[in-house]
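Quick notes on the structure that follows.
Each reported figure results from applying straightforward, stated rules to the coordinates on display, with no laboratory input. Computed from a predicted structure; not experimentally measured. Don't worry about glycine lacking a Cβ; one is built from the backbone with ideal geometry, like all the others, and counts go over all protein chains shown.
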Amino acid sequence: MNIILKAAYLVIVITAIFSIASCSTKNPEPESPPSGMLSFDFQHKINGNSIVYDTFMYINEAGNSYLVNEIQYFISDVSLRKVDGSTISLTNWEDIHYVDTDIDKSQIYTFKDKIAIGTYDKLSFIFGIAEEKNNSLMFVNPPESFMFWPENLGGGYHYMKLNGKWINELEQVSPYNFHLGIGQIYHNYPDSITSFIQNYFTIDMQDGQFEIKDNETCNLEIVMNVENWFRSPNTYNHNQWGGDIMQKQEAMQLAVENGNDVFNYNIK
């Protein structure tokens, strides 16, 4: 009886081994397609040169002498286009990124997404945060939390703070807060808001082809050309709009229109 049981047990074991081997043969583990990584290095320039902060050495299109103290902003929803016309969105891990000229580590944005290898010829992102994502209190820690946009003005977060000073018409030094966020339409300024305007916009850049290679990181230098905020297609005059524009939708609209050619990229 023991011999029969042992034989039966041996048959079961052998059958199980062959069954496992058969499954392994029929259902091999799929191989991951070749992929690479992408990293952004944010640079901030005026007239092609790195900004010298806190120094009156710049003149904008309207003739305002100005300086820059700091720049803080969000970009979100980055996408890439291949030369064959197909696009991919890099939003699986971190779809909103904060950049601060006072924080070096914020000026490097390395995507965790695995990106299909190939040649790409277009880079796009939202400057600011799209309406459906721009939720108040989603950032609980500084520095991002300091970018809050007042609830009574629309809530959510600033798209950008570009802070500095200019020499006004009286030859006096005046601070400016060139801030972008949700705009307001007033029935009776500064009270009675009748509606809000979403001032985020999409940046599209085609500054040359770049390659994503297998197991390598492609590094792109993303340049903000600050002078373009003030010159094209609208000549922006600090003397006309004053130091604060958070409640001046007309001024913010000029900035939105000027923002289309503020950025470009270089292959490092």
Original post:
Which order do His179, His187, His97 fall in if you start with the one that has the fewest other Cβ atoms within 10 Å?
Top reply: His187, His97, His179
Original post:
Taking the range 83-148, which chymotrypsin sites (Phe, Trp or Tyr not before Pro) meet the DSSP loop condition and have no more than 13 other C-beta atoms within 10 Å?
Top reply: Trp93
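Grab the DSSP H runs of the chain that are 4 residues or longer, score each as -39,500 (n - 2.57), total them, divide by all residues and round the 222 nm result to the nearest 500 deg cm²/dmol.
Computed ellipticity for the chain at 222 nm equals -4500 deg cm²/dmol.
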Subject >> Acute angle (nearest 10 degrees) that the helix 2-26 long axis makes with the longest principal axis of the chain, alpha-carbon atoms >> reply: 40
Original post:
Roughly how many whole Å is it from the C-alpha centroid of the range 105-142 to that of the range 216-257?
Top reply: 20
Subject >> Proportion of all alpha-carbon pairs of the chain beyond 26 Å (%) >> reply: 52
**OP:** Compute the long axis of helix 249-258 from its Cα atoms, compare it with the longest principal axis of the Cα atoms of the chain, and write down the angle in degrees, 0 to 90, nearest 10.
**Re:** 60
Subject >> Three principal axis lengths of the range 124-268 [C-alpha, angstrom, descending] >> reply: 58, 38, 27
Original post:
In nm, to one decimal, how far is the Ile185 label point from the Glu61 one, both placed 7 Å along Cα→Cβ?
Top reply: 2.6
Original post:
By counting other Cβ atoms within 10 Å of each Cβ, how are Phe178, Phe42 ranked from fewest to most?
Top reply: Phe42, Phe178
**OP:** Choose one of Gly36, Val256, Asn64: the residue whose Cα lies farthest towards the positive end of the charge dipole of the range 35-267 (beta-carbon charges +1 Lys, Arg; -1 Asp, Glu; about the Cα centre).
**Re:** Gly36
Original post:
Taking only the alpha carbons of the range 34-110, what extent do you get along each of the three principal axes, in Å, biggest first?
Top reply: 50, 27, 17
Original post:
Which value in Å does the Kirkwood hydrodynamic radius of the range 182-244 take, with 1/r averaged over all unlike C-alpha pairs and then inverted?
Top reply: 16.4
Subject >> Exposure proxy ranking, count of Cβ atoms within 10 Å, fewest first, for Lys105, Lys45, Lys268, Lys133 >> reply: Lys105, Lys268, Lys45, Lys133
Original post:
Using 14 Å as the cut-off for backbone N distance, which residues of the range 106-129 belong to the label zone defined by a point 7 Å from the Cα of Ser89 along Cα→Cβ?
Top reply: 124-126
